[in-house]
Amino acid sequence: MQRFKKRQIEIPAEGAAMLADAIGRIAQPSRRAFVQRSLTLGGLTLLTGCAPDNQESIDAALTGISRFNDRVQGLLFDPTRLAPTYPDFMIAQPFPFNAYYGEEEIREVDGDSWRLELSGMIADRKPWTLAQLRALPQQSQVTRHICVEGWSAIGKWGGVPFSHFLRRVGADLSAKYVGFKCADDYFTSIDMATALHPQTLMALSYNDQTLPPRYGFPMKLRMPTKLGYKNPKHIQAIFVTNTYPGGYWEDQGYNWFGGS
């Protein structure tokens, strides 16, 4: 068997300092931890082709590592594997509030006038009312929400299986992405395999009660296979596309796939 010598990677002192600064400027825990793991696992080799004194080159290399990680997570994702479920007595009391803004800024949405807008690679694009969504088949789950900030909490969510809804409206299930726009100006996107996962819900209730505003009334997407920032609240529009849509945090450096 042919043996290969390990390649020694040398980065000039000024380049090493710039790389350390680039990583240090990444305040988000998920982004920082991901970069550190990537470099430990050999991701640093991606930097050997960039100019060590060029900050843009280093940032581009870090983005390249993240995109590579997205592809690996997508390949490893099992669309039939279920996330753990829990008994009701383990439900967090209260379930934590989390958003990119403070709790005093929670959006109040009028459920009577609210309409879910559809666009992109969807055959039937007519808007949906809250009453129409509630009339569809429902299911519930007690699953763990995992936040990128390092905490987790178990909650009980009820709603429409997203796979059922996508098939109902004639979404192109071969498309790459499903995107979401929200009443709180948040936006994100997910892969189609996760959209079709049996535990991905259009959540309309929490703990057997109407979904409260602090958790995303009138509807949020609940995915126990994704980190918290991938679970949008106050959803107003859904679109299906083959064009990469990005997301609020993803465009700032968070990992796009966001698997938990």
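The values are calculated or read from the model by the stated rules, or taken from the named source; none is laboratory data. Predicted model, so just to flag it, every value in this text is computed and none were measured. Note that each Cβ is placed from the backbone with ideal geometry, even for glycine, and that neighbours are counted across all protein chains shown.
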task = List the number of the failed condition for L221; all other conditions in (1) over 15 Å from the mean Cα position of the chain (by Cα); (2) hydrophobic (A, V, I, L, M, F, W, C); (3) under 15 Å from G155 (Cα atoms) hold.
result = (1)
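How many of the residues making up the range 213-255 are in a loop (DSSP other than H, G, I, E, B) and at pLDDT 95 or above? Lay out the reasoning, then the answer.
Residues of the range 213-255 in a loop (DSSP other than H, G, I, E, B): 216-219, 223-225, 227, 231-234, 242-249, 253-255.
Filter once more, so that each one left must be at pLDDT 95 or above: 216-219, 223-225, 227, 231-234, 242-249.
Number of matching residues: 20.
Given the criteria surrounded by 19 or more Cβ atoms within 10 Å (Cβ to Cβ), closer than 21 Å to Y248 by Cβ and modelled with pLDDT under 95, does V178 qualify? Don't jump to the end; show me each part of the working.
On the way: surrounded by 19 or more Cβ atoms within 10 Å (Cβ to Cβ): yes; closer than 21 Å to Y248 by Cβ: yes; modelled with pLDDT under 95: no.
Spelling it out, it is not the case that V178 is surrounded by 19 or more Cβ atoms within 10 Å (Cβ to Cβ), closer than 21 Å to Y248 by Cβ and modelled with pLDDT under 95.
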key: Matching residues in the range 192-201 - criterion: being outside any loop (DSSP other than H, G, I, E, B) and crowded, with 23+ Cβ neighbours inside 10 Å   = A195, L201
